[in-house]
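All remarks here apply to the structure that follows.
A short reminder: the numbers here are calculations on the coordinates, not readings from a lab. Computed from a predicted model, the values in this text were never measured in an experiment. Heads up, the Cβs are rebuilt from the backbone with ideal geometry, glycines too, and the neighbour counts pull from every protein chain shown.
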Amino acid sequence: MSKVVITEVHGKVGLIRINRPEALNALNNEVVDGIGAAIDGFEADENIGCIVLTGNEKAFAAGADIGFMKDFDYMHAYKTDFITRNWERIKTTRKPVIAAVAGFALGGGCEMAMMCDMIFAADTAKFGQPEIRLGTMPGAGGTQRLPRGVGKAKAMDLCLTARMMDAAEAEKAGLVARIIPAEQLLDETLKAAATIAGFSLPVVMMIKESVNRAFESSLNEGLLFERRVFHSAFALEDQKEGMAAFVEKRKPAFRNC
Ligand code: CAA
């Protein structure tokens, strides 16, 4: 594993730290490939029930690496499938991923945070899509996920003016699940991740898949998907255990099956 990406295991939680502080964690191929490899590892590890992606106190990530891509031409970007080739590993993992964001989450950094299942923000977090200043546009989902997260008006405002949004505004707009004092961000995020990882993994995956369906389908299709998955949950031993434990007034012992 490359040192620009550091992994740690905290109980049943896999932690991925982006570690390029000298470039405010700008996302080059080495970093994005490293994140992908870390996710592959945690996905394959049966002990892991939830993943946390974080940066450092100054930056989650200040965007795609500008120096790395400044001389790309169209054919290079197209042939190498820039962004799609490696960034989207985050959205394909079936285990939940929480982005713990302190400091800058700009451009590709904001987009990467939005690829995660939820964002916990330090009170120092700053979100934005400032690509327009560089003579380009968001290319890792910013024009699509931001309107779904914060609505069209604010998404237009951020993408067209390049202004940054602080944690309070991001939470009010619905982009952020929780705001946490910066010094407690990682501990609190790991605690929430441990809570998730303590539940039945197949149920966690079913819920993640079902909530994501809300963004990919009509309400009726989404409801049908949810109902069918809910019905299938009656096939789980963990469902029998969870409901029996409630009735018997004891803690359930989930076995992920
Ligand atoms: N790419 C490469 N290097 C970056 C970077 C980036 N996105 N963001 C910051 N850095 C580097 C700086 O070049 C600088 O390096 P040196 O010390 O070697 O000069 C170092 O990180 C520290 O940055 P600053 O000195 O600029 O720090 P600051 O506190 O004065 O400003 C900032 C912070 C406002 C975040 C500023 O760094 C900045 O505007 N960064 C660029 C943000 C941006 O435009 N992001 C979008 C990138 S394009 C994209 O992401 C496309 C996409 O959708 C996929």
| Unique residue being in contact with a Ser or Thr (Cβ under 6 Å, 6 or more places away or on another chain) and either buried (at least 19 other Cβ atoms within 10 Å of the Cβ) or more than 22 Å from E188 (Cβ to Cβ) (or both) when the list is E30, E46 | E30
| query | Tally time: how many residues in the stretch 48-65 are charged (D, E, K, R) and away from the ligand (no atom under 11 Å from the Cβ)? | reply | 1
| Looking at this structure, is A177 touching a Ser or Thr at 6+ places or on another chain (Cβ under 8 Å) and within 25 Å of C50 (Cβ to Cβ)? | no
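Scan the strands (runs of 3 or more DSSP E) fully inside the stretch 1-57 and keep the ones with 2 or more residues being over 14 Å from the mean Cα position of the chain (by Cα) and without any contact (Cβ under 8 Å) to a residue 60 or more places away in the chain.
Of the strands (runs of 3 or more DSSP E) lying wholly inside the stretch 1-57, those with at least 2 residues that are over 14 Å from the mean Cα position of the chain (by Cα) and without any contact (Cβ under 8 Å) to a residue 60 or more places away in the chain span 5-10.
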| Which number in (1) among the basic types (K, R); (2) farther than 30 Å from R255 by Cβ; (3) within 16 Å of the ligand (Cβ to nearest atom) marks the one condition that R17 misses? | (3)
| said: Looking at the stretch 111-131 only, could you name the residues that are part of a helix (DSSP H, G or I) and within 10 Å of the chain's Cα centre (by Cα)? | reply: E111, M112, A113, M114, M115
| query | Are any residues in the stretch 133-163 loosely packed, with under 15 Cβ neighbours inside 10 Å, within 14 Å of the ligand (Cβ to nearest atom), of a type in the set (A, V, I, L, M, F, W, C) and not in a loop (DSSP other than H, G, I, E, B), and if so, which ones? | reply | L134
| query | For the stretch 167-190, does any single residue satisfy the condition of being surrounded by fewer than 14 Cβ atoms within 10 Å (Cβ to Cβ), in contact with a Gly (Cβ under 7 Å, 6 or more places away or on another chain) and of a type in the set (G, A, S)? | reply | yes
| said: For the stretch 20-47, which positions are among the β-branched types (V, I, T) and more than 16 Å from the ligand (Cβ to nearest atom)? | reply: I39
| message | Looking at the structure I just gave you, is A173 under 19 Å from the mean Cα position of the chain (by Cα), over 20 Å from T124 (Cα atoms) and more than 16 Å from the ligand (Cβ to nearest atom)? | response | no
| query | Which of the residues belonging to the stretch 215-250 are part of a loop (DSSP other than H, G, I, E, B) and loosely packed, with under 15 Cβ neighbours inside 10 Å? | reply | F215, E216, S217, S218, F234, A235, E248, K249, R250
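For the stretch 58-86, how many residues are under 30 Å from E188 (Cβ atoms) and in contact (Cβ under 8 Å) with a residue 60 or more places away in the chain? Let's see the steps before the verdict.
Here is the first cut: in the stretch 58-86, the residues under 30 Å from E188 (Cβ atoms) are 58-65, 86.
Filter once more, so that each one left must be in contact (Cβ under 8 Å) with a residue 60 or more places away in the chain: 60, 63-64.
Selection size over the stretch 58-86: 3.
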| query | In the stretch 66-107, which residues are within 15 Å of G36 (Cα to Cα) and either in a helix (DSSP H, G or I) or within 15 Å of the ligand (Cβ to nearest atom) (or both)? | reply | F82, I83, T84, R85, N86, W87, E88, R89, I90, K91, T92
